[in-house]
Amino acid sequence: MQHQSHPPASTTTTTDTDTVLSVRNLSIDYHLRTHILHAVRDVSFDLKAGHTLALVGESGSGKSVTARALLRIIDTPARVTGGTITLTGPDGPQRLDQMTETGKEIRAIRGGRIGLIFQEPMSSLSPVRTIGAQIVESVRLHRKMTKQEAKAETVSLLRQVEIDNPEQMADRYTFEFSGGMRQRAMIAMALACNPDVLIADEPTTALDVTTQAEIMDLIKRLQVSRGMTMLMITHDLGLVAEIADDVAVMRFGRIVEQGPVDALFHAPRTAYARALLGSTLRLEAGQNRPAPPTQGEPLLSARGLTKGFGAKSWTGKTTWAITAVDNVNIDLWPGENLGIVGESGSGKTTLGKMLLRIVEPTAGRIDWRPQPGAAPRDVTAMDRRTLRTYRQAVRLVFQDPFASLNPRMTVKQVIGDPLYVAGGMNGAAIDRRVGELLELVGLDRSAMERYPHAFSGGQRQRIGIARALALNPQIIVADEATSALDVSIRAQILDLLLDLQKRLGLSFVFIAHDISVVRYFCDRVVVMHKGRIVETGTAEHICTTPSEPYTQALISAVPSPDPRNKRMSQRTRLSR
Amino acid sequence: MTDATQRPAPDPFILPEDGHEETAPAISPLRPGEDPENIAVAGQWQLIRKRFFGNKVAVAAGVIVILLYLIAAFVEFLAPASPTAAQPRFTYAPPQSVAFFVEDPETGTRRWLPHVKGYTMEVDLESLRRTFTIDDDQVIPIGFFVEGSSYRLWGLFEMNRRLIGPLDPSKPMNLLGTDSLGRDLLSRVIYGTRVSMSIGLIGVVTSLVIGTILGALSGYYGGWVDLSIQRLIEVISAIPTIPLWLGLAAAIPITWSPLRVYFIITLIVSLLAWTSLAREVRGRFFSLKGEDFVTAALLDGSSQRRVIFRHILPSLTSHILAVVTLAIPTMIVAETALSFLGIGLKPPVVSWGVLLQDAQNIRTVATAPWLLVWPSLMVVLSVLAFNFLGDGLRDAADPYEN
């Protein structure tokens, strides 16, 4: 336990007058069922008035719990074991760490002096009360106002966060707001009492890139106009470069590097910061591999694929409430990586599921050639038996590496299941093949007897890939296969997939919302919007010189991981 | 915000003291000497076991349950006497307490001799009621593994050794007192354990099998299968149980043995008692069938039967175990209640409920309170033990919740 021997190095440097919030040697332990996790160790930083500090780190680095500790709202298994938190205000410094967690003082600070924006606006807003009522409550808790005044203040706050028709929208419920609007309402609530400090905990992670750009614009504007200090928690280095003034990089509960944003991006001092930056930047560039030929017979081609969700009326006529995928044509040639990009609700996942017939298409056909030169077979018309052979050749890699592995089966059982069920293998043959597959995806053979909970997210995704490879497939459909992973792991998994493609001659349908990942991995890209294909082209073309306005707006909203070249603020805005 | 320049700014870089790269989060064991790594290779049952044994109350309850079933297994050997052996000379005899030393009246020295004291009888001449009092002068030596009346262990082995009893079989030893016919209450409570603890199990197993299968089908297939099973459940749960028991008890042929009657009734009622388990299993299936790992199993080519029994059901086994453990005490209480009302088991079958029948009137309770105390204490003990055990199992059942 090194942190105990760590001297309180910076307690002597007293807080500057322009330091609003000062944290010194904060340590937090989690008492888990199996061990004690030192989630935060000797974390020290200062928030300067009007500045933005970004706390960057991968999952499990302790960045969120640090932010929560500032407001004394950490969950029960966690305990603050040491350190000081000083908030400097008009009436002198206040020690937040000495206040009781439910006391009057800390409650006056929560929402009053420090505002907080959460990652998931749906679960942070009450579903049973109107947005207006929730903001009114927050306003009246901290400021002496009558109901009427609070109502007027609420409307003005909603206007400030750029919600159209704030008078009417204040009376709407959470579920009537879109994700971006919910986050705006959340911001309005956080701003209700003119806080000096705004803590934004992954404020845009649940949002699409274009919405993210709008929300970040808004936060930045409000911060400047109100002179707020901001602490932003994020895992996205691109966002950091666009927004922050100072950065603190966290890893395994420690701040490994801290300084101005330009210094981190252009002169990182620690190996970890360099590696983190490297894996982010690597995804920025294309891979420059020769694209496979797109002439001749495609392996898989979908024509007029449509999926509607809705109901049959009593007359027997079907009307679609939502057309999730609308008349989509795609082709996949041997050895090709086809990217399908779109924001949430664009129908990309439904398209992927239809390709495997997990979701039955409403209309259209999918032609599949078992071998090059063979006659195409219509997948949509296959019976259960032929569908099984199809599903052996076309495999799926899932998004969530935690949900896609049965927690009650060992890795051998997970990977061996398709071998046993479809491959007809037994005993020692399965052992041998599973061992091979594990080595193929860069895991040790000894992983076989372990259960999935013993592995990290990246390792689990490797197990998922091994399962997909078990039956020597031809095509792999990867549905957001890297989006649940940290950036450094993401690059590793993409490299693994590219390597496997080279060795095994695979073709990929790669579904993603993350433009940089698609650019790195794919040869051709299909951009989807509201169920339709907007644009198809080579990855380089789509990512650098897109021709359609929607694609332009989408591409330019992606934050650029270089503080000297801020892309997001100069983005192409799509007129609504 | 004026004199910022006068104060030293904090060090812009805060590096770990030792400066070297870390490769894993910092953890320390909960107790010194434990290795957190072990958990990585632990399987499902290992994790459940670890968690269960952390719950001391549940472990204690589990030990009690095991003891009760051990008693139920060896009643013939454990009971000091046959449960039907009447002692007309000792009706409503009070409990005798065990003493270990006798004092020699002449020398005053104490001698090691486990014994109980005998009874003296007095007859109330007005009411002609006999009352027994403990007579301190009569010493009845007792011992372990004594020879008593012969019995057949499990109906197979002819034996006459008993765990505890008077050295002279003709002398009375009634540690918990006797009932109206002078039968030894301790023996009857021990024999009652066998019937009370086991008769509910058949019902539980039947409802477990039906509930799991129908719940699984309902939850997995959905649609019209789900619709019809759910309507069936609703109809069945609308049937009132106690009137059904009363009706069945009246309808069953009088020539059947009481145990057989009870067995049949339990079976019939358990055919109606699977509904709550089926609903629970259905709910779990509903949520699990949407999980990615189930989709993965389908894409791997697994048949639907394999998906249900190999992939989904194992996730439920621990939950089902907990549900069953919590269902057994309900059955025990039901048996007690129904036997007490006279519509469950009937004498000569010995169960805790039948024993309580003897304590139905206030006069008996006043003169022989042990008839009420000991059987009800056993019911309370077993029900509490099962409930604590079931709670502990349920808490331990899902090791992957966090």
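The values are calculated or read from the model by the stated rules, or taken from the named source; none is laboratory data. What you see is a predicted model, and the numbers here were worked out from it, not measured in a lab. With ideal geometry, Cβ positions are generated from the backbone for all residues, glycine too; neighbour counts draw on all protein chains shown. Areas reflect the complete protein model, heavy atoms only, side chains present, ligands, DNA and RNA absent. Shrake-Rupley method; radii C 1.70, N 1.55, O 1.52, S 1.80 Å.
Ordered by residue, what ³J(HN,Hα) values in Hz, to whole numbers, does the stretch B:97-110 give under the Karplus form 6.51 cos²θ - 1.76 cosθ + 1.60, where θ = phi - 60° and Gly and Pro are x?
Each residue of the stretch B:97-110 in turn: 9, 8, 10, 10, 10, 10, 9, 6, x, 8, 8, x, 8, 9 Hz.
Using the heavy atoms of the protein chains alone and a 1.4 angstrom probe, what is the accessible area of the stretch B:171-300 per residue in square angstrom? Walk me through the numbers before you get to the answer.
Working: 5570 Å² over 130 residues.
Computed with neighbouring chains in place, this is 43 Å² per residue.
With a 1.4 Å probe and all protein chains kept in place, how do B:LYS171, A:LYS412 rank by accessible area, largest first?
Values: B:LYS171 90, A:LYS412 55 Å².
Sorted by accessible area, descending: B:LYS171, A:LYS412.
Hey, how many Å between the Cα centroid of the stretch B:159-196 and the Cα centroid of the stretch A:65-99?
When both Cα centres are located, 68 Å separates them.
What percent does the relative contact order of the stretch A:328-391 come to when contacts are Cα pairs within less than 8 Å and at least six residues apart? Don't skip to the end; give the middle numbers.
Values: 34 pairs, mean separation 11.2, N = 64.
Worked out over the stretch A:328-391, it gives 18 percent.
Can you give me the angle between helix B:275-289 and the longest principal axis of chain B, using Cα atoms only, in degrees from 0 to 90, rounded to the nearest 10?
20 degrees
Using R₀ = 25 Å, calculate the FRET efficiency as 1/(1 + (r/R₀)^6) where r is the Cβ-Cβ separation of B:SER170 and B:LEU113; round to 0.05.
Values: r = 18 Å, r/R0 = 0.74.
The value I calculate is 0.85.
What base-10 log of the normalised intensity I(q)/I(0) is obtained for the stretch B:265-402 from the Debye formula, alpha carbons as equal point scatterers, at q = 0.10, 0.15 Å⁻¹?
-0.52, -0.85
Calculate how large, on average over all directions, the projected area of the Cα convex hull of the stretch A:358-452 is; give the answer in nm² to one decimal. Provide the component values of the computation, followed by the final result.
Working: hull surface 32.4 nm².
Computed as one quarter of the Cα hull surface, the answer is 8.1 nm².
How big is D for the stretch A:24-145, in µm² s⁻¹ as a whole number, if Stokes-Einstein is applied with the Kirkwood radius of its Cα pairs at 37 °C and 0.692 mPa s? Working shown, then result.
Values: Rh = 16.3 Å.
Diffusion coefficient, whole number: 201 µm²/s.
What is the mean number of Cβ atoms from other protein chains located within 10 Å of the Cβ atom of each residue in peptide A:242-254, rounded to a whole number? Can you show the working numbers first?
On the way: counts 0, 0, 0, 0, 1, 0, 2, 0, 0, 5, 8, 3, 5.
Counting other chains' Cβ atoms within 10 Å and averaging over A:242-254 gives 2.
Could you give the distance between the Cα centres of the stretch A:400-461 and the stretch A:212-262, to the whole Å?
Rounded to whole Å, the Cα centres lie 40 Å apart.
Between the alpha-carbon centers of the stretch B:254-310 and the stretch A:113-176, tell me the distance in whole angstrom.
If you average the Cα positions of each part, the centres end up 48 Å apart.
Nearest-5 percent of antiparallel DSSP beta bridges in chain A? Before the final figure, lay out each step's value.
Working: 51 of 89 bridges.
Beta bridges within chain A, antiparallel portion: roughly 55 percent.
Taking each residue of A:406-415 in turn, how many C-beta atoms of other protein chains fall within 10 Å of its C-beta, and what is the average? Don't skip to the answer; put the middle values down first.
Details: counts 12, 9, 14, 8, 3, 0, 0, 2, 4, 1.
So the per-residue partner count for this stretch is 5.
Cα atoms only, the protein assembly as shown: Rg and Dmax in Å?
Final numbers for Rg and Dmax: 37.1, 120 Å.
Amide H neighbours of A:VAL40 under 5 Å, counting only residues 5+ apart in sequence or on other chains, H built in-plane at 1.01 Å?
A:ILE28
I'd like the orientation of helix A:487-504 relative to chain A: the angle between its Cα long axis and the longest Cα principal axis, in ° from 0 to 90, rounded to 10.
Helix A:487-504 and the main axis of chain A meet at about 10 degrees.
Pairs A:LYS348/A:LYS566; A:LYS348/A:LYS502; A:LYS151/A:LYS566: which exceed 31 Å Cα-Cα? Each step should come with its number before you reach the end.
On the way: A:LYS348/A:LYS566 29 Å; A:LYS348/A:LYS502 26 Å; A:LYS151/A:LYS566 38 Å.
Among A:LYS348/A:LYS566; A:LYS348/A:LYS502; A:LYS151/A:LYS566, the Cα-Cα distance tops 31 Å for A:LYS151/A:LYS566.
Report the normalised scattering of the stretch A:452-576 as log10 I(q)/I(0) at q = 0.10, 0.11, 0.20 Å⁻¹, calculated by the Debye formula with identical scatterers on the alpha carbons.
With no solvent term, the Cα-only Debye profile gives -0.38, -0.46, -1.19.
Ignoring ligands, DNA and RNA, how much accessible area is buried between chains B and A, both sides summed, with a 1.4 Å probe, to the nearest 100 Å²? If you can, show how the numbers build up before the last one.
Values: alone 23720 and 26210 Å², together 44520 Å².
Looking at B and A, the buried total is near 5400 Å².
Any chance you could give the angle, 0 to 90 degrees and rounded to 10, that helix A:457-469 forms with the longest Cα principal axis of chain A?
The angle comes out at about 10 degrees.
Pull up the DSSP beta bridges for the protein assembly as shown and report the antiparallel fraction as a percent, rounded to 5.
The antiparallel proportion sits near 65 percent.
Across the stretch A:148-153, in residue order, what do the Karplus-derived ³J(HN,Hα) couplings come to in whole Hz, using 6.51 cos²θ - 1.76 cosθ + 1.60 with θ = phi - 60° and x for Gly and Pro?
Values, residue by residue: 5, 4, 5, 4, 4, 5 Hz.
Skipping prolines and chain starts, which residues have an amide H placed within reach, meaning under 5 Å, of the one on A:SER560, given they are 5 or more residues away or on another chain?
Result for A:SER560 returns A:ARG567, A:MET568.
Taking the stretch B:166-209 as the region of interest, what is the percent of Cα-Cα pairs per 10 angstrom bin, listed from the shortest bin to the one with the maximum distance?
24, 33, 21, 16, 6, 0
With every protein chain in place, what's the accessible area of B:PHE101 (1.4 Å probe, Å², nearest 10)?
100 Å²
Using a 1.4 angstrom probe on heavy atoms only, work out the carbon and sulfur share of the accessible area of the protein assembly as shown in %.
Numbers: 25570 of 44520 Å².
Its accessible area is 57 percent carbon and sulfur atoms.
Per-residue counts of other Cβ atoms within 10 Å, averaged by peptide: what ranking do you get for A:91-101, A:342-352, highest first? Mind dumping the intermediate values first?
Working: A:91-101: 12.8, A:342-352: 21.7.
Ranked from most to least packed, the peptides come out as A:342-352, A:91-101.
When ligands, DNA and RNA are left out and all protein chains stay put, how many square angstrom of accessible area per residue does chain A have with a 1.4 Å probe?
Values: 23560 Å² over 576 residues.
Computed with neighbouring chains in place, this is 41 Å² per residue.
Counting only other chains, and only Cβ atoms inside 10 Å, what mean value do you get across the residues of B:300-307? Working shown, then result.
Numbers: counts 19, 12, 6, 3, 0, 0, 3, 0.
Average neighbour count from other chains, rounded to a whole number: 5.
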